[in-house]
Amino acid sequence: MAWRAPAGAPDGDPRNGGRGMTTEIQAPTTIPGGSFVTGPVGPDGIFTPEQLTAEHRSIRDAVGAFVEREVEPRLERVEAKDWAAHRELLERMGGDGFLGVDVPETYGGAGLDRVTSVVVNAAMAAAGGFAVTYAAHTGIGTLPLVFFGTDEQKRRYLPGLAAGTTVGAYALTEPSAGSDAMAIRTKATRQADGSWRLDGSKQFITNAGFADLFTIYAKVDGEHFSAFLVERSTPGLVVGPEEDKLGLHGSSPCPVTLEGAVVPADNLLGEAGKGHRVAFNVLNVGRFKLAAACLGGMRPAIGIATRYAAERSAFGRRIIDFPLIGAKLAGMAARTYAVESAVYRIAGLLEARLAAAEDATSPDAMRAALEEYAIECSLAKVLASEELGAIVDELVQIHGGYGYIEAYPAARFYRDARIHRIWEGTNEINRLLVPGTLLKRAMTGRLDVLGPASRAQDALLGGDLPSFEGRLASERAAVASLRTVTLLLAGAAAQRYGTSLEDEQELLAGLADLAIELFTTERVVERALAAVASGAGGDGGPHADLASLIVAERVAAAEARAKQLAGRVAEGDDARTLVAGIRRLLRTDPIDQVAISRRIAAAVSERAGYPLS
C-alpha cells in the first residue's frame, strides 16, 4: 500500500505514493565510493539534514506520531513478547503505508527515496523492541525479494509484506557460522521434480517467532551458496524457542531448523550458486539502515538525559548546571551531529547515484549504488553503533543510581544499544572491510589510491601545510592533513606487506579507524560550512561549535592511532621520521574546547534536548 495522504493533503504530498518525491541532490553523480580517502568532493557534493524537504519532515512527523499514538500504549505488551501486539502494529503501519518505503509501487509499496528511508528508520528508533521487528521486516526481511525476486515472486509476496499481513525474516546465521557467512552448512538438494530439499539449522533469526516468510540461505549440494524463499507452513521448517536476551526484550530471535523442508523450484531467489550476491547486497543496505536506526536513538537519549538533569538537584543546584554534566550533554550532541552528518551524506550519495541511472526504480540500479558505496555503509555502521553506545553510557551516568533501575528508560536504552556492534557484520568485520575494499579497488584500477598515496609520501618530507581562509579554516586544514596521514599510512602498509596485508588485522583496523575519522570530520565541516553560508545562527551557531569540537577531539584521536600504526609499517629511523611527519601534519592551533563545550551545553539545555531541529 502506498502512503496514505491525510485529508486535504496537497498533490505533492509523498503519502499519495510513488517515487514522485525524490531528493534534489545538487551533486556530481559520478562520485566513486571510497574516494573521500583520495581527495575532497567539495561543497556541492553533500546532502545534510537541513536540506530535508517539507515532505520528508511531514513523513518524519507522521512516523513519530504513529510511535506515540500506537506503539507507546502497547510498549508493555511489546516488551513482554506479546507477538500479537507486534503483528497488530505491523498491520497498522502497513495500512498507513510505512512498510512500503523501499517497495516499488508496482508491488504495493511507495517506492520512495533513500533519504525518506533514513527519516523513517530514525523515527522508528523510539519504538523499543518493535523497532527491531519493523527494521528486520522492512529491511532484510523484504529487500532480498525487492532486489533479486522474479516478477512472479514479487507479485506473490511483496504486497503482503508492504501491507504488514505477511511478516518477513532473514535466516543466514548458523550456530557455527556468524560473521563467516560463506561457512554455512545448511544444504539444499535438488529433487527429481525440480523442488529443493533443505536441511540444516539457523540461529538468532529475528522475527522468527511470528514470521510468515523466511529468506533462507543454503548450499546446493553442500557447495553452491544460494537463497530460497520458504513459507512458515512448509513441512520440516521448525521454529525453536525464544532466546533469553541481554537487551531488546521485545524482539523475537529464534533458532530455525530445517528437517527435509521441501521448497518449490520457483522459490529459489536469484540464481543457484549466486546467493552471496543476495546476502552481501542486503548486508550493505542493512548496515546503512542500522546506522540510521542508531542515529534515531540518539536524539531521544539526549532529551531524556537533559530533562532528568534539569529536574535532579544536588548540593542545592540542578545537576544540569554543573559543568561536568554539561560537558557530557555537549559530547552527546557532538556525537549525534557527527553520525547525522555522515548518514545523510551517504543517503545523498546513494540518491545521486540512483538519479544518474536509466531507471532509478530498478533493483539493478539500487544494487549498483549499494555496491558502489559499500565502504561508506560499513564505516557508517561502525561509527553509528559505537557513538550510540557512548551516548547511552552517558545517559546512564547522568541518571546516577537511577540509571541502573528498570523503571527509568536509561536502563533499556543501555541494554538495547549493545547488539548494534554485533549484527549486520560485527564492527571488527566491518573495520576489515573498509581498507580491504579500498585496496582491492586500488589494485584493480577502479580507484586511484596509489597516486595520492605517493603524493602523501612527498608531503611527509616537507612542503607547505594545508591552509584555508574564513570560518572553520583550521578545521578544514586539519581534515586535509588527516587525509594525507591516512594515505601515507595506507601506502606504507601496502608497500611493506603486499599481499600479506590481509593477515595484518590490527593494522587494517587502525587504517579503518583513520578512514572513519576522516569521513566523519569532513562531513561535519562541510555541513557546518553550509550552515554558515546559509546564515544559520549568524556565524553558524551550534553547527560551527559542534564541528570545531568534533574535529579537535577526533583529529587528536587519529593522531594517537596513526602514531601507533607507524611502528607497524616502519622501523628505526624510518618509523621516527614517519611519527615526526604525523606530528607535523596533524599539529593544530589550540582552541578553548571548554568554552565551546559550554556553549553547546547551554544550547542543549535551552532546547531540552539536541540543539538542532
task: Go ahead and estimate [θ] at 222 nm for the chain from helices alone: -39,500 (n - 2.57) per DSSP H run with n ≥ 4, summed, over the residue count, rounded to 500.
output: -18000 deg cm²/dmol
message: Could you tell me which residue out of 456, 564, 605 lies farthest along the dipole of region 448-607 toward its positive end? Charges go on the beta carbon: Lys and Arg +1, Asp and Glu -1, centred on the Cα centre.
response: 605
- request: May I ask you to derive the relative contact order of region 169-273, considering only C-alpha pairs under 8 Å and at least 6 residues apart, and to give it as an integer percent?
  value: 31
- prompt: Taking neighbour counts of Cβ atoms within 10 Å as a proxy for exposure, in what order, fewest first, do 525, 532 appear?
  reply: 532, 525
field: Cα centroid of region 126-197 to Cα centroid of region 515-584, whole Å
entry: 40
Fewest-first sequence of 66, 36, 468 by Cβ atoms within 10 Å of each Cβ: 468, 66, 36
message: Spelling out what I want: for every residue of region 155-170, take phi, set θ = phi - 60°, compute 6.51 cos²θ - 1.76 cosθ + 1.60 (Karplus), and round to whole Hz; glycine and proline get x.
response: 5, 6, 10, 5, x, x, 5, 5, 7, x, 7, 10, 9, x, 9, 10
field: Positive-end residue of 258, 278, 268, charge dipole of region 243-282 with Cβ unit charges
entry: 278
query: Quick one: if the Förster radius is 41 Å, what FRET efficiency do residue 534 and residue 221 give, using the C-beta to C-beta distance and rounding to 0.05?
result: 0.10
statement: Quick calc: nm separation of the 7 Å Cα→Cβ label points for residue 192 and residue 497 -> 5.4
message: Among 329, 222, 290, which residue has its Cα furthest toward the positive end of the charge dipole of the chain, with +1 on Lys/Arg Cβ and -1 on Asp/Glu Cβ?
response: 329
Karplus 3J(HN,Hα) series, Hz, for region 256-263 with 6.51 cos²θ - 1.76 cosθ + 1.60 (x for Gly, Pro): 10, 10, 10, 10, x, 6, 9, 10
statement: Ranked output for segments 215-228, 351-364 by mean other Cβ atoms within 10 Å, highest leading, reads 215-228, 351-364
statement: Protection proxy (average C-beta count within 10 Å per residue), highest first, orders 199-212, 553-566, 314-327 as 199-212, 553-566, 314-327
message: 7 Å from Cα along Cα→Cβ at both residue 356 and residue 231: what's the point-to-point distance in nm?
response: 4.3
- prompt: Gain in length, residue 576 to residue 87, computed as 0.36 nm per residue apart minus the alpha-carbon separation, to one decimal in nm?
  reply: 169.9 nm
Length-normalised contact order for the chain - Cα pairs under 8 Å, 6+ apart - percent: 14
query: Using a Förster distance of 25 Å, how high is the FRET efficiency between residue 65 and residue 311, based on the Cβ-Cβ distance and rounded to 0.05?
result: 0.45
message: Beyond a 28 Å Cα-Cα separation, which of these cross-linked pairs lie in this structure: 202/440; 81/328; 328/381; 274/381?
response: 202/440; 81/328
message: Expected output is a single nm value to one decimal: the length gained when fully extending between residue 257 and residue 185, i.e. 0.36 nm times separation in residues minus the C-alpha distance. What is it?
response: 24.7 nm
message: Less than 15 Å from a label point 7 Å out along the Cα-to-Cβ axis of residue 593: which backbone N atoms in region 326-364 qualify, by residue?
response: 327-335
Listed peptides 143-149, 165-171 by packing density, highest first (mean Cβ within 10 Å): 165-171, 143-149
statement: Here FRET efficiency (C-beta to C-beta, residue 274 to residue 418, R₀ 30 Å, nearest 0.05) is 0.30
query: So what J values fall out for region 474-481 if you push phi through Karplus, 6.51 cos²θ - 1.76 cosθ + 1.60 with θ = phi - 60°, rounded to Hz, Gly and Pro as x?
result: 5, 5, 5, 5, 5, 5, 4, 5
- prompt: Where the only charges are on Cβ atoms (+1 Lys, Arg; -1 Asp, Glu), what is the dipole of the chain about its Cα centre, to the nearest 20 debye?
  reply: 700
- line: Here the gain from full extension of residue 265 to residue 473, 0.36 nm per residue of separation minus their alpha-carbon distance, amounts to 68.7 nm
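Readers should treat all values here as calculations from the given coordinates under stated rules, not as data from a laboratory. Treat the numbers as computed from the prediction; the structure is a model and nothing was measured. Cβ sites come from the backbone with ideal geometry, for glycine too, and all protein chains shown count toward neighbours.
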